[in-house]
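The values are calculated or read from the model by the stated rules, or taken from the named source; none is laboratory data. Only a predicted model underlies this, so the values are computations on that prediction, with no experimental measurement involved. Neighbour counts are summed over all protein chains in view; Cβ atoms, including those assigned to glycine, are modelled from backbone coordinates with ideal geometry.
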Amino acid sequence: MAYEEVKIRTPLLLRVLPVASILAFFGVWQLIIYLEIIPTTMLASPSQVISIFVEKLSEPNPDGAVLWVHAWTSIQEAFTGYILALLVGIPLGLLMGWFSVAEGLARPIFEMIRPIPPIAWIPLTIFWFGIGISGKVFIIWLGGIVPCVINSFAGVRMTNPTLIQMARTYGATDWQIFTKLCVPSALPMVFGALQIALAYCWTTLVAAELLAADTGLGYLITMGRRLAMPDLVVLGMVMVGLTGAVIGVAIDWVEKRLLAGIRR
Amino acid sequence: MNSIANEVQAQIKERSPLSIWRFLKNRWFLHAVSTIAFFIIWDYVAFNRFLGSALARPYEVLLQLANMMVNPIAGKDLIGHIWASTQRILTGFAIGAVLATPLGLFMALNRYVNAIVKPVFDLIKPMPPIAWISIAILWFGIGEPSKIFIIVVGTFVPCLLNAYNGVRLIEPQLYDVVRMLGGNRRDEILHVCFPAAFPAIFAGLQISLSCAWTCVLAAELVSARSGLGFIILLGMTQSKPALIVGGMVVIAMVAWLTTLLVTGLEKVLCPWKREIQTA
Amino acid sequence: MKTETDCKILCAHVSKEFIQKSSQRVNVIDDISLDVKSNEFVVILGPGQSGKSTLLRIIAGLELPTSGRVAIDGREISGPGPDRGLVFQSYMLFPWKTVMGNVELGPKLRGVGKKERREIAQHYIDLVGLNGFEKHYPHQLSGGMKQRVGIARAYANNPTVMLLDEPFGQLDAQTRYFMEKETARIWETDKRTVLFVTNNIDEAIYLGDRIVTLKGKLPGRLHDVYDVKLPRPREHTDMKFLELRQQITDASELVL
């Protein structure tokens, strides 16, 4: 019963279908524009997207910057907000999980902030900070902090109580138990938060840029709409998805390196 | 929910001799202190205009909200705007869930459907639903359909993923049980897949709901004439911070209520949920 | 030579190989033949990894043997079916169904009408001693109770053969003794042909009419067959019980 019978070869059809599916997806997409089933004012074909991609690598018009500048601005803003969210959220969550004073003080405020979707902060932030980078970073920070706190908190609370009691019998102080037992114990949950927080931050960034920016991938998407250039819009969307995915993979890689050997 | 430190301390340490100290460390006391301090600081900052006129006092926010209940803004009173946003969410949510859940189930049950759909799904998945707003407006204009479309996109991914995983992670021996009792493939699906995947599907619905809130707000911030997102945007354009904060408070409360509702629904519909691994 | 129709279950030279992902073939059981007569309680006893569960699954029809045949009532089996009832080691109850829902599932799948299947299910729920718990959910039951539901569920489908795969492995010692007693009682009340897999000698001698021991880790092979001629109900501390115990222990690899 310890062994599962495994077919040695997956049927050929099963291996061909994914590839065929992707090709069909792009093919149909290309065709419906080419055959003008959907007008070019509403959607751009893959070939058009690729051509504008190439164009935007060097051409700053019509939105004011080269593609790389937009992407870099977005990444910078997202990352700043993300790292700040980690730096504040994770220690806060960890402390809240162990020290009742921290939990008592921080919890009400956290519970008040939590239900508000980060996007709802955008008008207030624009009102306070204007359309600059600091406002966006603030919103991204807000977006990323919630999963960090929640996961770190949960991670500490999941510490094995038997281990805590054992530490007490050795005469460990509260602070020692916290640093040497609770925090390492919570690490897997904390790393789970990294991915979730990144997704939140990235989404919040795009939303913020859609509404209030003059550079960035979200801005690119909005400009594409204003100029009725769907190829720009689709390019922006693809870049957003791609960049988000790449950063996600990078975080995953970092996590694997750092957590190598610790059983999840 | 007591902090771990307190629980273990209570078992091992003796009662603290200073009762004042214990009182100060009591959770509810700290909650109260924190909440009151929060409002006091807010009021202080707003009153002394440390952030310019950009912050409204809590009292002003309340007044504004009460005002909105009675006097309509842009044609609707507060309830009207809440309903406008909620309506969009419900419509989009329903469409998204109805489309995504069966597809997710189907993908998990049939390898060929999986091979066809999953690659395309994986391509679309990394794009945040908010990124779709612009193209939705290009397609549908700035009316209701574009907003509902975004919500559909936003709910689609979590629902499909959860339905898919919900079936994939079913204990295989449960199928054996059905087979041994004389069931066929149809019985397997009916009696095992659906019920077993239900908690996961429900979890997907919960995630979709909070995603739908974000989507509807974003869509309303971009282009709307009603709804909660519209209200806070109005507050910004009309430089009325009380309106902005008031709107945010209402959003928080409505979101919190809907979450409560769904969690309560789950307790009723899936009483076995947490025990699904142990039976 | 014994004709096949004398035996309820007949395994003839059953072997099973599994193919691992690395294309390695692993021989799990090798050339096992056994027969079980009608209403006989046969116990398959063996150490861990001797392929006993695999053998049971083959007889149940959930796996196909690599070579050899299995026949029930003279007819070769080709897949799972309601003529064999299986009781799983990890209970495998449906958490979303009540006790009644779980037990009446078999008849329900075969299209039996509601009133009739309720009666059947109730009969077996009473038989296993769970009267009063019909509306409970599995997560509200203890381990022993869950396994009783499993037994009732298998019985309710009226199988010709009952197969039990280390059903008490997850229970603590006290509950285990209790369940052994219960199993003997239930079997005496409603006799079926039973094939019972275990790694516990005491359990084997307490319950079985005949004990088939397997030996060897991967592949498991037939080792010995013991006839247990002790009168029921049996006592764990009876002299003859302990003698047989010693005999089996000496002959096999089982550590006491």
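Table for the structure above
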item	result
Given (1) of a type outside the set (Val, Ile, Thr); (2) modelled with pLDDT of 85 or more; (3) over 30 Å from residue A:176 (Cα atoms), number of the condition residue A:128 does not satisfy	(2)
The listed residue being free of Cβ contacts under 8 Å to residues at least 40 places away in the same chain, surrounded by fewer than 20 Cβ atoms within 10 Å (Cβ to Cβ) and within 14 Å of chain B (Cβ to nearest Cβ), out of A:121, A:128, A:68	A:128
Residue count for region B:229-270, restricted to those that are under 21 Å from residue A:211 (Cβ atoms) and exposed (fewer than 15 other Cβ atoms within 10 Å of the Cβ)	3
Count of residues meeting criterion [closer than 22 Å to residue A:42 by Cβ and facing another protein chain (nearest Cβ under 7 Å)] in region A:237-264	3
Hits in region C:185-211 (condition: touching a residue at least 60 places away in the same chain (Cβ under 8 Å) and among the charged types (D, E, K, R))	C:190, C:191, C:192, C:203, C:209, C:210
Filter result for the condition that a residue is more than 28 Å from residue B:236 (Cβ to Cβ) and either of a type in the set (A, V, I, L, M) or out of contact with any strand residue (DSSP E or B) (no Cβ under 8 Å at 6 or more places or on another chain) (or both), over A:245, A:212, A:208	A:245
Residue match in region B:240-258 (condition: of a type in the set (Phe, Trp, Tyr), more than 9 Å from chain A (Cβ to nearest Cβ) and in a helix (DSSP H, G or I))	no
Output for region C:51-100, where each listed residue is away from chain B (no Cβ under 11 Å) and hydroxyl-bearing (Ser, Thr, Tyr)	C:53, C:54, C:66, C:67, C:78
Residue, surrounded by the most Cβ atoms within 10 Å (Cβ to Cβ), within region B:164-218, restricted to residues that are in contact with a Phe, Trp or Tyr (Cβ under 7 Å, 6 or more places away or on another chain) and more than 8 Å from every other protein chain (Cβ to nearest Cβ)	B:208
Failed condition for residue B:103, given (1) modelled with pLDDT under 90; (2) within 30 Å of residue A:241 (Cα to Cα); (3) surrounded by 15 or more Cβ atoms within 10 Å (Cβ to Cβ)	(1)
Meets criteria (at pLDDT 90 or above, within 14 Å of chain A (Cβ to nearest Cβ), buried (at least 23 other Cβ atoms within 10 Å of the Cβ) and closer than 20 Å to residue B:204 by Cβ) for residue B:130	no
Selected residue [modelled with pLDDT under 90 and either under 17 Å from the mean Cα position of the chain (by Cα) or of a type outside the set (A, V, I, L, M) (or both)] from C:135, C:191, C:146	C:191
Filtered residues of region C:218-256 (kept if surrounded by 13 or more Cβ atoms within 10 Å (Cβ to Cβ) and of a type in the set (Lys, Arg))	C:221, C:232, C:234, C:240, C:245
Filtered residue count, region A:25-58, keeping only those that are in a helix (DSSP H, G or I), surrounded by 14 or more Cβ atoms within 10 Å (Cβ to Cβ) and of a type in the set (A, V, I, L, M)	4
Long-range neighbours under 6 Å by Cβ, at least six apart or interchain, first residue within 7 Å of chain B (Cβ to nearest Cβ) within region A:202-227, second part of a loop (DSSP other than H, G, I, E, B) and buried (at least 23 other Cβ atoms within 10 Å of the Cβ)	A:203/B:128; A:206/B:128
Long-range neighbours under 9 Å by Cβ, at least six apart or interchain, first residue within 12 Å of another protein chain (Cβ to nearest Cβ) within region A:138-158, second of a type in the set (Lys, Arg) and surrounded by fewer than 22 Cβ atoms within 10 Å (Cβ to Cβ)	A:146/A:114
Residue match in region B:110-117 (condition: of a type outside the set (Lys, Arg), in a helix (DSSP H, G or I) and either within 25 Å of the chain's Cα centre (by Cα) or under 29 Å from residue C:101 (Cβ atoms) (or both))	no
Sole exception among (1) within 14 Å of chain C (Cβ to nearest Cβ); (2) surrounded by 24 or more Cβ atoms within 10 Å (Cβ to Cβ); (3) outside any helix (DSSP H, G or I); (4) not β-branched (Val, Ile, Thr) for residue B:224, by number	(1)
Filtered residues of region C:199-233 (kept if modelled with pLDDT under 90, charged (D, E, K, R), out of contact with any Pro (no Cβ under 8 Å at 6 or more places or on another chain) and in a loop (DSSP other than H, G, I, E, B))	C:229, C:232
Lone unmet requirement of (1) assigned to a helix (DSSP H, G or I); (2) more than 18 Å from the chain's Cα centre (by Cα); (3) within 30 Å of residue B:256 (Cβ to Cβ) for residue B:120	(3)
Enumeration of residues in region C:149-185 that are touching a helix residue (DSSP H, G or I) at 6+ places or on another chain (Cβ under 7 Å), part of a strand (DSSP E or B) and under 27 Å from residue C:116 (Cβ atoms)	C:162, C:163
Per-region count, region C:1-31, residues under 17 Å from the mean Cα position of the chain (by Cα) and either modelled with pLDDT of 85 or more or of a type in the set (Ser, Thr, Tyr) (or both)	0
Search result, residues across region C:144-162 that are over 21 Å from residue C:40 (Cα atoms) and in contact (Cβ under 8 Å) with a residue 40 or more places away in the chain	C:146, C:147, C:149
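Each row is one residue, and each column tells you yes or no for (1) of a type outside the set (Gly, Ala, Ser); (2) closer than 20 Å to residue A:65 by Cβ; (3) surrounded by fewer than 20 Cβ atoms within 10 Å (Cβ to Cβ).
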residue	(1), (2), (3)
A:183	yes, no, no
A:188	yes, no, yes
A:238	yes, yes, yes
A:253	yes, no, yes
A:256	yes, no, yes
